[in-house]
Structures are given as C-alpha cells and as structure tokens.
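Engineer: Can you read through this structure? Questions will come right after.
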Amino acid sequence: MWIETIIMPREERGPRQPPPPPRDRRAVLLAAGEESRALRDQVMGFLSAHHLLGAVKWMSEPGFLPLVTLHCTERALEKLREAAEFVVGCAAPVDAYQPLTTTEPELSSSEPVSMAVPVFARYP
C-alpha cells in the first residue's frame with residue numbers, strides 16, 4: 001500500500017528573528033528554489049543511505065516551497081519520521097480515495113449526445 005507523505009525541513013525553535021528587509025523577487029525565488037532542491041537532495045540521500053529507494057513509488061520535483069511530497073510504503077514512512085532533520089506527515093493511503101474524475105463517459109448507447117454550440121453562433 002502506498003501512502004502519500006509530506007516532508008518539510010525541521011526548524012530550530014528559538015527567538016523569532018525580525019523580518020528581513022525587502023529583497024528583489026528574483027533573488028527570493030532563486031533562494032526558495034535552491035532551498036527546495038537542497039531538501040529534495042537531502043531526502044534522496046536519506047532514502048539511499050537507508051536502502052529505501054525501492055519503497056518510494058513517486059517523488060515531487062523541487063518547487064518554490066521547502067516541501068517534498070512522495071508516495072512510499074509504511075516502512076519508509078516510519079524511517080522518515082525517525083529522522084531528526086525532517087518533519088513528516090501523511091495524507092491517506094493513495095489507494096484509499098477514488099479519482100476525482102471518471103476515465104470513461106457514463107452514456108448509454110441509446111442517449112443522443114448533444115454537440116457543443118459555439119458561443120458566437122447567434123452573431124453573424
């Protein structure tokens with residue numbers, strides 16, 4: 001059974017820092033992308049070091065948040081939760097919920113299928 005798992009870096013508890021002065025958006029996005037890529041590399045290194053790569057079915061690509069989503073087995077989830085460098089949570093087992101859309105139409109062969117009317121059909 002595959003479990004959707006969400007991993008974030010563990011933050012140090014301490015006194016809150018005052019907000020930094022405003023920066024250029026490009027620099028903020030580049031720093032966020034690097035932080036996300038570093039977290040993904042750290043998770044991959046952890047999985048590789050603990051021989052858990054076969055227990056992971058899918059892993060998200062780096063984005064602009066320090067967050068990794070993956071589909072893994074219960075054993076991999078337990079090992080990730082034991083790691084001091086990550087905060088790990090999970091959603092539902094991947095097989096537990098139905099898809100949001102159906103893959104095949106639910107039409108009988110006797111039902112006529114209406115064609116879509118163009119929006120500007122009434123205007124010559």
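Engineer: Which of the residues belonging to the range 1-32 are in contact with a Cys (Cβ under 9 Å, 6 or more places away or on another chain) and within 20 Å of residue 62 (Cα to Cα)?
Structural biologist: Of the residues in the range 1-32, the ones in contact with a Cys (Cβ under 9 Å, 6 or more places away or on another chain) are 2-6.
Hits for the range 1-32 are 3, 4, 5, 6.
Engineer: Here are 81, 40, 75: which of them is buried (at least 18 other Cβ atoms within 10 Å of the Cβ), under 21 Å from residue 3 (Cα atoms) and basic (Lys, Arg)? Spell out the reasoning first.
Structural biologist: Numbers: 81 fails: buried (at least 18 other Cβ atoms within 10 Å of the Cβ); 75 fails: buried (at least 18 other Cβ atoms within 10 Å of the Cβ).
Exactly one of 81, 40, 75 is buried (at least 18 other Cβ atoms within 10 Å of the Cβ), under 21 Å from residue 3 (Cα atoms) and basic (Lys, Arg), namely 40.
Engineer: Can you tell me which of 64, 46 is in contact with a Gly (Cβ under 7 Å, 6 or more places away or on another chain), under 26 Å from residue 91 (Cβ atoms) and among the aromatic types (Phe, Trp, Tyr)? Spell out how you get there, then give the answer.
Structural biologist: On the way: 46 fails: in contact with a Gly (Cβ under 7 Å, 6 or more places away or on another chain).
Only one candidate qualifies: 64.
Engineer: Still on this structure, please answer the following. Inside the range 23-34, can you point out the residues that are surrounded by fewer than 15 Cβ atoms within 10 Å (Cβ to Cβ) and assigned to a helix (DSSP H, G or I)? Steps first, answer last, please.
Structural biologist: Step one: list which residues in the range 23-34 are surrounded by fewer than 15 Cβ atoms within 10 Å (Cβ to Cβ), which gives 23-31, 33-34.
Across the range 23-34, the qualifying residues are 25, 26, 27, 28, 29, 30, 31, 33, 34.
Engineer: Considering each of 18, 66 in turn, give the residue that is part of a loop (DSSP other than H, G, I, E, B), of a type outside the set (A, V, I, L, M, F, W, C) and modelled with pLDDT of 90 or more.
Structural biologist: Working: 18 fails: modelled with pLDDT of 90 or more.
Within the list 18, 66, the selection yields 66.
Engineer: Among (1) closer than 19 Å to residue 2 by Cα; (2) surrounded by 12 or more Cβ atoms within 10 Å (Cβ to Cβ); (3) in contact with a strand residue (DSSP E or B) (Cβ under 8 Å, 6 or more places away or on another chain), where does residue 86 come up short?
Structural biologist: (1)
Engineer: Name the pairs: first residue in the range 79-104 and farther than 24 Å from residue 45 by Cβ and modelled with pLDDT of 60 or more, second residue of a type outside the set (Ser, Thr, Tyr) and surrounded by fewer than 13 Cβ atoms within 10 Å (Cβ to Cβ), Cβ to Cβ under 6 Å, at least 6 apart or on different chains?
Structural biologist: Close Cβ pairs (under 6 Å, with a partner that is of a type outside the set (Ser, Thr, Tyr) and surrounded by fewer than 13 Cβ atoms within 10 Å (Cβ to Cβ)) amount to 93/1.
The values are calculated or read from the model by the stated rules, or taken from the named source; none is laboratory data. Remember, it's a predicted structure, so these values are computed and weren't measured experimentally. Virtual Cβ from ideal backbone geometry, glycine too; neighbours counted across all protein chains shown.
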